[in-house]
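The values are calculated or read from the model by the stated rules, or taken from the named source; none is laboratory data. Nothing here was measured: the structure is a model prediction, and the numbers come from that model. Here the Cβ positions follow ideal geometry from the backbone for every residue, glycine too, while neighbour counts run over all protein chains shown. SASA here: full protein model, heavy atoms, side chains in, ligands and nucleic acids out. Shrake-Rupley method; radii C 1.70, N 1.55, O 1.52, S 1.80 Å.
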Amino acid sequence: MVSIPGITEIIRDPSGVPGMDQITDGGFPKETNILLLGPTGAGKSSMCIQFTKCGLELGEQVLYISTQLPLYDMRAKMRQLGLDTGKYEDEGNLVLVNPLSKEISGADTDEQMQAARFVEVEHNITTIASLINEGKRKLMKDQIRIVIDSLTGLLLNTSDEGLHELYRLIETITRRVRLQKHVALFTLAPAIDERTIERLKFIMDGVMEFKVELDFDTPERKLIIHNLLFTDKAIGRYNYILTPDGIILNRY
């Protein structure tokens, strides 16, 4: 098992409600691809960063792929959640990639200038795949954690004609995760059409859905675990809140 973000020290409850690792019977199994589905601001990226932080603290390696933020802003967001990326990047245990702006950790480029030149996905699938592979080659351990935050950025920059190649890329990534015994988190916003969402769910080994109801003085947040491969205990609904330290979870 690969522990879920927080290793029960971020996702926990002071009243004694089991942490996320216990709820899922030990964490995310190796060889699995998990889809985090939910609206902007629901906490998907926070969970990805906590997943990254805890893996690094355990001595694991992480490939973090963002299609939303240039590397400079990615690092700033991670610092807000207590992850100082500099140490881990210098050690070679964390590689950051933005395939749309063609940025990768350690590259000798002006990141702020580079970040303004976003590529069109459908004409650059090969380039995007090469950047992801280059990032992975920088990590030497056999088993790593992979984050792709988010698939939305790829899908929204692809025409209907280019979707076939993009799906092939996603399927290739998920297949390699299983073969090489990695664990991967993918995020997706529900703004994508339902058919695409269902197709991506079919590709994945588990789905965790974030729902946020804003029609209250305090936003009501729910995490629905639809399924996780090899974790029968995981299916269920949970209330959660976002904090500067991550997510706090309660069964309801």
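Picking from residues in the stretch 190-202 that are among the hydrophobic types (A, V, I, L, M, F, W, C) and open to solvent by 20 Å² or more (accessible area, probe 1.4 Å), the one that is nearest to GLU165 (Cα to Cα) is PHE202.
Contact annotation: residue pairs with Cβ atoms under 7 Å, 6 or more positions apart or on different chains, pairing a residue in the stretch 213-239 that is hydroxyl-bearing (Ser, Thr, Tyr) with a partner that is surrounded by 15 or more Cβ atoms within 10 Å (Cβ to Cβ) and at pLDDT below 80, are THR231/THR24; TYR238/LEU249.
Here is the figure for the stretch 30-69: residues that are in a helix (DSSP H, G or I), within 26 Å of LYS211 (Cα to Cα) and open to solvent by 10 Å² or more (accessible area, probe 1.4 Å) total 4.
Within the stretch 183-198, can one find any residue that is over 26 Å from LEU69 (Cα atoms) and touching a Gly at 6+ places or on another chain (Cβ under 9 Å)? No, the stretch 183-198 contains no residue that is over 26 Å from LEU69 (Cα atoms) and touching a Gly at 6+ places or on another chain (Cβ under 9 Å). Only a single item in (1) surrounded by fewer than 21 Cβ atoms within 10 Å (Cβ to Cβ); (2) over 18 Å from the mean Cα position of the chain (by Cα) is not met by LEU249, and it is number (1). Take the conditions open to solvent by less than 10 Å² (accessible area, probe 1.4 Å), closer than 17 Å to ILE247 by Cβ and modelled with pLDDT of 90 or more and apply them to MET78. Does it pass? Against the criterion (open to solvent by less than 10 Å² (accessible area, probe 1.4 Å), closer than 17 Å to ILE247 by Cβ and modelled with pLDDT of 90 or more), MET78 qualifies. So, of the residues in the stretch 143-186 that are open to solvent by 40 Å² or more (accessible area, probe 1.4 Å) and assigned to a loop (DSSP other than H, G, I, E, B), which turns out to be modelled with the lowest pLDDT? Applying the filter and picking the extreme gives ASN157.
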